[in-house]
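Asker: This is the structure, below, for whatever I ask next.
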Amino acid sequence: MSTPLVSFDRTTAEDDPFRWYHVQETFAPVDARALRETFPRDGFRMVTRTGMAKSYAMYHRPLHPVDDGESGTTGLAVPWRRLVAEVTGPAYRAAVAGLTGLPVGDAPVEVNVWRYGASCWLDPHVDKPEKLVTHVLYFNEAWPAGRGGDLLLLGSSSGDDVVRRVAPVANTGVLLVRGEDSWHAVERVRDEAGGLERLSAQVVFHRA
């Protein structure tokens with residue numbers, strides 16, 4: 001049996017300001033480096049919305065599933081093909097279910113990658129009711145303090161009500177359990193970031 005790519009061995013369960021899990025050392029060092037160095041760079045499109053309840057701007061590429069009849073893994077490097085195969089497979093589902101207690105065994109799953117460049121952001125929001133849990137994985141080798149881009153875990157719908165900040169540092173991640181009070185946002189990436197992009201992937205389990 002092959003060793004799992006994704007590890008939850010160093011995971012801390014948190015209840016403030018809502019239920020979430022902070023994952024450290026998600027990958028073995030050699031795998032973390034391979035994924036970081038081969039992070040997808042093509043196939044993204046800008047998604048943006050302003051002037052509504054949840055405004056945002058970022059670059060998005062779906063990896064699984066896709067609606068155009070083509071594989072979302074087309075053109076992906078081998079480490080990323082391996083990651084998509086694992087997080088859509090039964091062992092990873094069992095690990096998430098065991099950690100969270102959520103019924104994800106038969107839940108539809110989607111996998112996406114995201115790039116936040118200068119002035120990209122995501123306003124405070126609660127995930128849609130059809131979502132069960134979202135695993136966010138980070139791939140920046142380092143993220144300088146004060147450049148924006150942090151995940152903000154909020155005590156309310158106010159972007160100023162920041163309870164916890166999570167920097168998007170490589171080989172870490174979070175699992176966010178969807179709830180009526182699970183307000184969160186992504187701080188705007190500041191222009192002075194010098195071309196630095198916030199790189200992440202998401203694995204989302206939906207209610208069946």
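This table checks each residue for (1) hydroxyl-bearing (S, T, Y); (2) within 26 Å of T38 (Cα to Cα); (3) part of a loop (DSSP other than H, G, I, E, B).
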residue	(1), (2), (3)
S119	yes, yes, yes
D123	no, no, no
L176	no, yes, no
E180	no, no, yes
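Asker: Quick one: which of V113, V87, V136 is out of contact with any Leu (no Cβ under 8 Å at 6 or more places or on another chain) and of a type in the set (A, V, I, L, M)?
Answerer: Details: V113 fails: out of contact with any Leu (no Cβ under 8 Å at 6 or more places or on another chain); V136 fails: out of contact with any Leu (no Cβ under 8 Å at 6 or more places or on another chain).
Only one candidate qualifies: V87.
Asker: Out of (1) over 18 Å from T12 (Cα atoms); (2) among the small types (G, A, S); (3) in contact with a Phe, Trp or Tyr (Cβ under 6 Å, 6 or more places away or on another chain), the odd one out for A185 is which?
Answerer: (3)
Asker: What pairs can you find where one residue is in region 131-142 and among the β-branched types (V, I, T), the other is in a loop (DSSP other than H, G, I, E, B), and their Cβ atoms are less than 6 Å apart, with a gap of 6+ or different chains?
Answerer: From residues that are among the β-branched types (V, I, T), the pairs are V133/L102.
Asker: Let me ask something else. Scan region 57-64 and give yes if some residue there is of a type in the set (K, R) and in contact with an Asp or Glu (Cβ under 9 Å, 6 or more places away or on another chain), otherwise no. Quick ask: steps written out before the conclusion?
Answerer: Step one: of region 57-64, the residues of a type in the set (K, R) are 61.
So of that shortlist, the ones also in contact with an Asp or Glu (Cβ under 9 Å, 6 or more places away or on another chain) come out as 61.
Within region 57-64, one or more residues are of a type in the set (K, R) and in contact with an Asp or Glu (Cβ under 9 Å, 6 or more places away or on another chain).
Asker: Can you pull out the residues in region 141-156 that are at pLDDT below 95 and open to solvent by 10 Å² or more (accessible area, probe 1.4 Å)?
Answerer: E141, A142, W143, P144, A145, G146, R147
Asker: Name the single residue that is farthest from L199 (Cα to Cα) among those in region 70-122 being open to solvent by 60 Å² or more (accessible area, probe 1.4 Å), in contact (Cβ under 8 Å) with a residue 12 or more places away in the chain and of a type in the set (D, E, K, R).
Answerer: Per the criteria, the residue is D106.
Table: residues versus (1) without any contact (Cβ under 8 Å) to a residue 12 or more places away in the chain; (2) in contact with a helix residue (DSSP H, G or I) (Cβ under 8 Å, 6 or more places away or on another chain); (3) surrounded by fewer than 14 Cβ atoms within 10 Å (Cβ to Cβ).
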| site | (1), (2), (3) |
| --- | --- |
| W20 | no, no, no |
| F27 | no, yes, no |
| A34 | no, yes, no |
| T48 | yes, no, yes |
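Asker: For region 172-185, does any single residue satisfy the condition of being among the basic types (K, R), open to solvent by 10 Å² or more (accessible area, probe 1.4 Å) and touching a residue at least 60 places away in the same chain (Cβ under 8 Å)?
Answerer: no
Asker: While we're here: Can we say E86 is among the acidic types (D, E), under 19 Å from H206 (Cα atoms) and within 17 Å of the chain's Cα centre (by Cα)? Even if it seems obvious, please write down each step before you answer.
Answerer: On the way: among the acidic types (D, E): yes; under 19 Å from H206 (Cα atoms): yes; within 17 Å of the chain's Cα centre (by Cα): yes.
In short, yes.
Asker: Moving on to the next point. Filter the strands (runs of 3 or more DSSP E) completely within region 10-72 down to those with at least 2 residues that are basic (K, R). Let's see the steps before the verdict.
Answerer: Numbers: elements: 10-14, 20-24, 45-49, 56-64.
Of the strands (runs of 3 or more DSSP E) lying wholly inside region 10-72, those with at least 2 residues that are basic (K, R) span 45-49.
Asker: Does A94 satisfy being part of a helix (DSSP H, G or I) and of a type in the set (G, A, S)?
Answerer: On the way: part of a helix (DSSP H, G or I): yes; of a type in the set (G, A, S): yes.
Criteria met by A94.
Asker: Okay, moving on. Determine whether region 128-138 contains at least one residue that is of a type in the set (V, I, T), surrounded by fewer than 19 Cβ atoms within 10 Å (Cβ to Cβ) and within 15 Å of V186 (Cβ to Cβ).
Answerer: The initial filter retains those residues of region 128-138 that are of a type in the set (V, I, T), namely 133-134, 136.
Going one step further and asking which of them are surrounded by fewer than 19 Cβ atoms within 10 Å (Cβ to Cβ), we end up with none.
For region 128-138, residues of a type in the set (V, I, T), surrounded by fewer than 19 Cβ atoms within 10 Å (Cβ to Cβ) and within 15 Å of V186 (Cβ to Cβ): absent.
The values are calculated or read from the model by the stated rules, or taken from the named source; none is laboratory data. These figures come from a predicted structure and were not determined experimentally. Every residue, glycine as well, gets a Cβ built from its backbone with ideal geometry; the counts of neighbours run over all protein chains shown. Only protein heavy atoms, including side chains, enter the accessible area calculation; ligands, DNA and RNA are left aside. Shrake-Rupley method; radii C 1.70, N 1.55, O 1.52, S 1.80 Å.
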